[in-house]
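Report on the structure given below.
Every number in this text was worked out from the coordinates using simple rules, so none of it is lab data. Predicted model only: the values in this text are computed from it and were never measured. In this analysis, Cβ positions are derived from the backbone assuming ideal geometry, glycine residues included, and neighbour counts consider all displayed protein chains.
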Number of protein chains: 2
Amino acid sequence: MKQKVTLKQIAKELDVSISTVSKALKDSAEISLDTRQKVKAFAKLYNYKPNNIALSLKNRKTKTIGVIIPEIVHHFFTTVIGGVEKVANAKGYNVIICSSNNSFDKEVINMEMLASGSADGFILSVAKETQLKKDYHHIQETMSQGMPVVLFDRIIDEIVCDKVIIDDAKGAQMATNHLLSIGCRNIAIITTVDYISVGKLRTNGYLRALRGYDIPEKEEFILKIEDVGNCEAEISEFLLNKDIDAVFAVNELFAVTATKVLNEQGKTVPNDVAIIGFTDGILSKHFIPSLTTISQHGEDMGIRAAKLLIDKLECDDTEAEEYRTVIIDTSLVERKSTKK
Amino acid sequence: MKQKVTLKQIAKELDVSISTVSKALKDSAEISLDTRQKVKAFAKLYNYKPNNIALSLKNRKTKTIGVIIPEIVHHFFTTVIGGVEKVANAKGYNVIICSSNNSFDKEVINMEMLASGSADGFILSVAKETQLKKDYHHIQETMSQGMPVVLFDRIIDEIVCDKVIIDDAKGAQMATNHLLSIGCRNIAIITTVDYISVGKLRTNGYLRALRGYDIPEKEEFILKIEDVGNCEAEISEFLLNKDIDAVFAVNELFAVTATKVLNEQGKTVPNDVAIIGFTDGILSKHFIPSLTTISQHGEDMGIRAAKLLIDKLECDDTEAEEYRTVIIDTSLVERKSTKK
DNA sequence: GAATCTTACGCAAACGTTTGCGTGTGGAAA
DNA sequence: TTTCCACACGCAAACGTTTGCGTAAGATTC
């Protein structure tokens, strides 16, 4: 079991100094051609790789990006990560992914862990609990220590930093308008409780679209789900005997569940009720009927977020006091669940 | 923008030496109570956090686990990661996730990157390309440098190390037997090309189950898919006018696609054809009809893999020359696609 | 043969820690 | 007053790099 070889060992073997080895490997003109070749051959033979840790310590940067997301088993977030990885790897950055599991504490711990030397900057979508508690000290502290942060999707208005979002309200409006345009007039919405920022925004978009058609908002057409685990029962009760011709669901699971529940209640999608979802994931695509949905373009979000972060990391800190919010376009992916 | 505070700065402010500060923060008896309190108060005030990089360099370990998986946007792999994170975090380890994107080169690059200082050990499921090329030098090198590796799911028999797998053949046999037990006799299989280890094993299990019932293997009942992206067309052609009463698909996508195709061809699931899949993911659960499937218990795999790795990391290297292969039980999750 | 210039290398500091050991100070014992 | 012992602290090395600068030895110039 040969241990990893260091400059020091090479130096000793070749009976030169450490600095000579280091310079030789970098093809410094200071070192004679002869020595350079000898060192390089030796290094290759022993498969020398510089120790990243030592480099990080010396350079005071790690060339790695920390990504913290609320859930790792989640299609949307993983597509975002895919986008981040693409540009990060292209620019020589490593990506460390941590999941907060929607726990405030775990978010703080992960952030502090990565902030104390493991990452140069962060791409972050905050945990539910964080949105509820409104405690953002960990993010503020990280930023005040000079580490840039890019927030995406579940962002926080009070924090001044780069952000990548979609226009959730607009997307929801687009979804609702699509339902309206195919003739639906009794449109229910299945959404989340209000403290989830995106849920609230999507609800707003839904309401705005209704107003555009002079359709009064009906309390009984709005279902706000707190406990996702038990959504099927809630949705079932909500939908039973309700005189609706369309459902707008703010995520995939709600859309799929609504479809299932409607089937059980003897209604067919899209003939009796049209359904539209949010987030273009694997479920919407493969479900029967396939679900019309609003695509968030997760990969694009990741790409933009990574670019923003790397820009901040690589520009001189002097000119860094300018923050941008990138709004990714949503688009309507029309499938069978809204074909009348 | 206050920079991160170091021992040196605290030492200077308090006019003591760096070592005094370090020892004081560790409550060393060497330091007077008075000084200890002063230092701690100051450290808290300035929110001192030891620099992980420096610690890693000093201790020659990073307390982080490198996980490399073929795809990040993949339900099974993310559940495994979930399991890894659980035990890693509980034991004070960080988790770095990298995806090889099924590319051999990216797998090598990621591994070398993490191996050169960023991680103490690896949990790895190899890329398709790696299985095809049979080039494992990067794994061998990593291990010979003293970094333990745990392989899971897509493992490599030739490599001697800890492994966590399911008994793919047995799982496939269980699936096929289930179909046989409900009366199916003309069972097709939709599988992958043979160089994917798990695909081949599952095919073997299918064949073994058939033999158990003295059913001859029929070439025309076996579809091996190379290009997953185009599987719908292949499956459609394969299934057309075929006299079968059941399909065993080696993954979720194939199972869902088969169901869809059968529907289009005028057959219903499960009445005309029963379907069983492999991997208990989000699709199987929510599809209509919900799909009977073999669960791989991804989270368990992650948990076991992390435990194996951490054991290796924390035991004395002397007694480390013993490798274990953990076989996770698969289980049949019966849903509607096989209810006659 | 002396003065100067090149060439080829080594020294040492720095990044932020930890820790074994050395040491100055003060008080107590003799 | 001398000796000794705790006590409280600092020194320095080490982890593996990079890099500016100093400096030998040899080559060149006059």
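Each peptide in B:302-308, B:68-74, B:106-112 was scored by the mean count of other Cβ atoms within 10 Å over its residues; highest first, the order is B:302-308, B:68-74, B:106-112. The base-10 log of I(q)/I(0) for chain B, evaluated at q = 0.07, 0.09, 0.10 Å⁻¹, reads -0.41, -0.59, -0.68 [Debye formula, identical scatterers on Cα atoms, solvent excluded]. According to the Kirkwood relation over distinct C-alpha pairs, the hydrodynamic radius of segment A:155-267 is 14.6 Å.
Considering only the Cα atoms of segment B:284-340, their convex hull presents on average a projected area of 4.7 nm². Ordering B:Val67, B:Gly82, B:Gln9 by Cα displacement along the dipole of segment B:1-113 toward the positive end leaves B:Gln9 in first place; charges were set at the Cβ atoms of Lys, Arg (+1) and Asp, Glu (-1). The dipole here belongs to chain A: it is taken about the Cα centre, uses +1 on the Cβ of Lys and Arg and -1 on the Cβ of Asp and Glu, and is about 1660 debye. For segment A:125-187, the Kirkwood hydrodynamic radius from C-alpha pairs, put into Stokes-Einstein at 25 °C and a viscosity of 0.890 mPa s, yields a diffusion coefficient of 175 µm² per second. Say we join alpha carbon atoms closer than 10 Å with springs in a Gaussian network model of chain A; which of A:Ala54, A:Ala115, A:Ala41 then has the biggest fluctuation? Fluctuation is largest for A:Ala41.
Averaged over peptide A:92-98, the number of partner chain Cβ atoms lying within 10 Å of each residue's Cβ comes to 5. Determine the distance separating the Cα centre of segment A:50-101 from the Cα centre of segment B:257-318; give it in Å without decimals. Using only Cα atoms, the two centres lie 28 Å from each other. Position B:Tyr195: other-copy label points at 5.2 nm, ordered by increasing distance, label point 7 Å along Cα→C-beta.
Distances between copies at B:Ile109, taken between label points 7 Å from Cα along the C-beta direction, are 3.3 nm in increasing order. Charging the Cβ of each Asp and Glu at -1 and of each Lys and Arg at +1, and nothing else, the dipole of segment A:1-126 about its Cα centre rounds to 680 debye. Of all DSSP beta bridges confined to the protein assembly as shown, the antiparallel ones make up roughly 10%. Computed from the Cα positions only, the extents of segment A:1-90 along the three principal axes stand at 55, 33, 22 Å, in decreasing order. Modelled spin labels at A:Glu232 and A:Thr268, positioned 7 Å past Cα toward Cβ, are 2.3 nm from each other. Please give every one of the lysines within straight-line cross-link reach of A:Lys218, meaning a C-alpha to C-alpha distance under 22 Å, and leave out same-chain neighbours fewer than 8 residues apart. Within reach: A:Lys170, A:Lys200, A:Lys242, A:Lys267. Evaluated at q = 0.08, 0.10 Å⁻¹, the base-10 log of the normalised Debye intensity for the protein assembly as shown, with identical point scatterers placed on the Cα atoms, takes the values -0.71, -1.05. Rounded to the nearest 500, the 222 nm mean residue ellipticity of chain B from helices alone is -13500 deg cm²/dmol, with -39,500 (n - 2.57) taken per DSSP H run of at least 4 residues. Each copy carries a label point for B:Pro216 at 7 Å from Cα along the beta-carbon vector; from one copy to the others these points are 7.4 nm apart, nearest first.
Can you tell me the FRET efficiency between B:Thr325 and B:Leu55 if r is taken as the Cβ-Cβ distance and R0 is 30 Å, rounded to the nearest 0.05? Between B:Thr325 and B:Leu55 the formula returns 0.35. Rg/Rh for segment A:7-50 stands at 0.90; both radii use Cα atoms, and Rh follows the Kirkwood definition. Paramagnetic label reach from A:Lys285 (point 7 Å along Cα→Cβ; backbone nitrogen cut-off under 14 Å): within segment B:147-190, no residues.
Quick one: if the Förster radius is 60 Å, what FRET efficiency do A:Lys12 and B:Lys336 give, using the C-beta to C-beta distance and rounding to 0.05? Between A:Lys12 and B:Lys336 the formula returns 0.30. Using the Cβ-Cβ distance between A:Ser22 and B:Tyr136 with R0 = 35 Å, the FRET efficiency computed as 1/(1 + (r/R0)^6) comes to roughly 0.65.
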